[in-house]
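Questions regarding the structure given below will be posed in turn.
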Amino acid sequence: MYIQPVVMMDFETTGMSPALGDRVTEVAALRIVGGVVVDRFVSLINCDVRISPFISQLTGITQAMVDRAPPVEQVMPELVRFIGSDALAAHNVSFDEKFLLAESARLGIVPAHAGVICSVKLSRRVFPGLRSYALGSLASSLGIRFKGTAHRAEADAEVASALMLSIAAHLGERYGIREVDPRFLQQINRLTAAKVPAFLQRPPATDNALVNGPVRKNKSGVK
């Protein structure tokens, strides 16, 4: 379980890079507390852009859907408030965070999230040797089922949240780490894959937050 909240976010966009003029079309942000999703923010977004046929085919998001959606000037401040100062996670977080920062900067907003966690990198380190770490393939390998349509923000965020909970459960079962601080996962993200097994066997307690978590229990359940 997570001893501090983690917000799993997923954007759908018109392309790969805000630097090339691409914009957001939909967002989902799910807050994980302990071992469950307790809150969510989901919205289509109108950035007054054209949706290409390729993007509509990939995501199912049409021009008419975004034309009727709330404007980005409304959605982004609400999203940033929802995330607050919690840790931010995403499957390939560098992609989603760059859109978060770009859209926020357009409106003069400064997000305050407490660092980022990349569930792709994390999965490669915690579940080494899998065939693929694309979200759909990874979910299939771990027995996680999509509840909606892939490449829609809420469905992808749901699966990515289930992945984060699976990672926490695996750390408990395999390494006895019952309580996971998001900063502990950020440390794993920064390690090379070769260093992770030793780190998980003996994670360093470098500050008060990490002294208090992770918590290890022996087989009798005594800390």
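The values are calculated or read from the model by the stated rules, or taken from the named source; none is laboratory data. Computed from a predicted model, the values in this text were never measured in an experiment. Heads up, the Cβs are rebuilt from the backbone with ideal geometry, glycines too, and the neighbour counts pull from every protein chain shown. Just so you know, the surface numbers come from the protein's heavy atoms only, side chains and all, with ligands and any DNA or RNA stripped out. Shrake-Rupley method; radii C 1.70, N 1.55, O 1.52, S 1.80 Å.
What number, rounded to the nearest 500 deg cm²/dmol, is the helix-based mean residue ellipticity at 222 nm of the chain, given -39500 (n - 2.57) per DSSP H run of at least four residues and division by all its residues?
Taken over the chain, the calculation gives -12500 deg cm²/dmol.
For the chain, what is the charge dipole size about the Cα centre, in debye to the nearest 20, if Lys and Arg each add +1 at the Cβ and Asp and Glu each add -1 at the Cβ? Intermediate values should be presented prior to the final figure.
Numbers: 25 positive and 20 negative charges, 247 e Å.
Using Cβ point charges on Lys, Arg, Asp and Glu, the chain gives about 1180 debye.
At a temperature of 10 °C and a viscosity of 1.306 mPa s, determine how fast the chain diffuses translationally according to Stokes-Einstein, using the Kirkwood radius over alpha-carbon pairs as Rh; express D in µm²/s, rounded to the nearest whole number. Don't skip to the end; give the middle numbers.
Working: Rh = 18.2 Å.
Here the translational diffusion coefficient equals 87 µm²/s.
Say R0 is 35 Å: what FRET efficiency, to the nearest 0.05, do Arg68 and Lys98 get from their beta-carbon distance? Don't jump to the answer; show the numbers that get you there.
Values: r = 27 Å, r/R0 = 0.76.
That pair, Arg68 with Lys98, gives E of 0.85.
Using Cα springs under 10 Å in a Gaussian network model of the chain, which residue among Pro111, Pro71, Pro53 shows the largest mean-square fluctuation?
Maximum fluctuation in the GNM of the chain, among the listed residues, is at Pro53.
Before I look further, what does the chain give for accessible area per residue, probe 1.4 Å, in whole square angstrom? Don't jump to the answer; show the numbers that get you there.
Values: 10860 Å² over 223 residues.
So the chain comes to 49 Å² accessible per residue, rounded to a whole number.
Show me the three semi-axes of the equivalent ellipsoid for the stretch 1-87, from the C-alpha gyration tensor (sqrt of 5 times each eigenvalue), largest first, rounded to whole Å.
Ellipsoid half-lengths, sorted descending, are 27, 13, 12 Å.
Shifting gears a bit: Out of the total accessible area of the chain (probe 1.4 Å, heavy atoms of protein only), what percent is carbon and sulfur?
Carbon with sulfur: 52 percent of the solvent-accessible area.
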